[in-house]
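Structure first, then comments.
The values are calculated or read from the model by the stated rules, or taken from the named source; none is laboratory data. Since this is a predicted model, take the numbers as computed values, not measurements. Ideal geometry is used to build each Cβ from the backbone, glycine not excepted, and the neighbour counts take in all protein chains shown. What goes into the accessible areas is simple: the full protein's heavy atoms, side chains included, and nothing from ligands, DNA or RNA. Shrake-Rupley method; radii C 1.70, N 1.55, O 1.52, S 1.80 Å.
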Amino acid sequence: MKNVVVIGAGPAGMTAALYLSDAGVGVTLIEKGMYGGQMTTTARIANYPGFVDVAGWELSQHMFDQLAAAGVTITADTVTGIEKSGEGFTVKGINGSFSGDAVIIANGVTRRRIGCPGETEFAGRGVSYCAVCDGNFFRGRDVAVIGGGNSALEDAAYLAGICPNVYLIHRRDELRADEKYVRAAKSKENITFVYSHYPERIIGDDRVSGIEIRDLKTGEIKTLDVSGVFVAVGLDADNGGFGSLVDLTENGYIDADESCVTSCPGIFAAGDTRDKKLRQIVTATADGAVAAKQAIEYLNG
Ligand code: NAP
């Protein structure tokens, strides 16, 4: 039986695995963390068709259950690269190597860091990249959220439900987030919008006790007393391990269009990892189906 290695068990990878399995193709689905990808760190999802409003973890579970019912299992490993091996490929992981006649890369994206002093030092001790995962540790305490996109506004609105004061710190005067996220955050009285400010330094002793922010118009620096800093400044591609086989864009995304076909025959890219305009769960699942179909056609010669 032909086998396809799918890297990543987010919505794109799980859908690709499902379509491959349904077509009678062997699947090795590799995931380094929890299945579901970014869905697991999203509080509520209200724009995935078929669900009026669903928790991120719950939608992940539904997708996993469907996969499990099809007999697909997930192998835990962190993929570091892909090598050509005869007619097929060897996908290298930290724990093992996996052979495939074709490969679908659906590894998603990673959370961007701000890069200010204190960020790395206090990671896990007051600095967090996931409000849904860590918010409860800050119940009853004041926190700051950095960023002006959908994630930051969504995180701020979520944290406003459990923290007395939430400061939304954004580097511009204008938010990038969609109107519905802005409306939801602005309806919370305990969110203070701090525009045109940049994180200068995260401070504390053992844990975070505050954040110094710089007014980008006047240069003035002030300190906000907060116990938590939630960073939501966007996402970066993490495709360095694949760059020797597939072309990447200048931003590091895999250079593949809606067909999910990469520059290397036999390797396909699905979901947020490829160069695309709209990064959503629904576009990731669509990519998963397309990539699986392309892989099947490739295997059939
Ligand atoms: P994003 O849309 O790229 O926004 C990142 C925000 O962080 C921007 O406001 C940006 O400022 C700011 N920023 C970037 N680098 C920074 C830095 N070094 N220091 C300070 N601020 C910085 O990222 P996102 O909000 O994580 O969203 C990522 C993707 O997921 C988007 O496509 C988004 O639509 C999607 N998403 C969808 C949903 C949903 O539909 N349910 C929910 C969440 C996210 P500027 O505005 O000045 O560039």
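Quick test for you: out of Asn47, Asn136, pick the one residue that is touching a residue at least 24 places away in the same chain (Cβ under 8 Å) and over 19 Å from the mean Cα position of the chain (by Cα). First the steps, then the outcome.
Details: Asn47 fails: over 19 Å from the mean Cα position of the chain (by Cα).
Step by step, each of Asn47, Asn136 is checked, and only Asn136 is touching a residue at least 24 places away in the same chain (Cβ under 8 Å) and over 19 Å from the mean Cα position of the chain (by Cα).
What's the total number of residues in the stretch 247-301 that are assigned to a helix (DSSP H, G or I) and of a type in the set (Val, Ile, Thr)? Lay out the reasoning, then the answer.
From the stretch 247-301, those assigned to a helix (DSSP H, G or I) are 271-273, 281-299; that's our starting set.
When the remaining residues are screened for being of a type in the set (Val, Ile, Thr), the result is 273, 281-283, 285, 290, 296.
Total satisfying the criteria: 7.
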Pairs, first buried (at least 24 other Cβ atoms within 10 Å of the Cβ) and modelled with pLDDT of 95 or more in the stretch 259-279, second acidic (Asp, Glu) and outside any helix (DSSP H, G or I), C-beta under 6 Å, six or more apart: none
Residues of the stretch 145-159 that turn out to be within 19 Å of Ile213 (Cβ to Cβ) and more than 7 Å from the ligand (Cβ to nearest atom), as a count: 5
Candidates Pro164, Pro117, filtered to the one that is away from the ligand (no atom under 14 Å from the Cβ), out of contact with any Ser or Thr (no Cβ under 7 Å at 6 or more places or on another chain) and over 16 Å from Val4 (Cα atoms): Pro164
Any pair with Cβ under 6 angstrom, 6 or more apart, that starts in the stretch 50-66 at a residue that is over 20 Å from Ser151 (Cα atoms) and ends at one that is among the aliphatic types (A, V, I, L, M): Met63/Met14
Test set (1) open to solvent by 30 Å² or more (accessible area, probe 1.4 Å); (2) in contact with a helix residue (DSSP H, G or I) (Cβ under 8 Å, 6 or more places away or on another chain) - Val282 fails condition number: (2)
Failed item in (1) within 16 Å of the ligand (Cβ to nearest atom); (2) of a type outside the set (Ser, Thr, Tyr); (3) buried (at least 20 other Cβ atoms within 10 Å of the Cβ); (4) within 30 Å of Arg125 (Cα to Cα), with Gly228 passing the rest: (1)
Residue list for the stretch 133-148, restricted to those being open to solvent by 10 Å² or more (accessible area, probe 1.4 Å) and in contact with an Asp or Glu (Cβ under 7 Å, 6 or more places away or on another chain): Asp142
Filtered residues of the stretch 170-222 (kept if in contact with a Ser or Thr (Cβ under 8 Å, 6 or more places away or on another chain), within 14 Å of the ligand (Cβ to nearest atom) and open to solvent by 50 Å² or more (accessible area, probe 1.4 Å)): Arg171, Arg172, Asp173, Leu216
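Take the residues in the stretch 231-247 that are within 16 Å of the ligand (Cβ to nearest atom) and of a type in the set (Asp, Glu), then tell me which one is farthest from Phe122 (Cα to Cα).
Pass one, the stretch 231-247, residues within 16 Å of the ligand (Cβ to nearest atom): 231-238.
If we keep only those that are of a type in the set (Asp, Glu) too, we end up with 236, 238.
Numbers: Asp236: 21, Asp238: 23 Å.
Looking at the filtered set, the residue picked out is Asp238.
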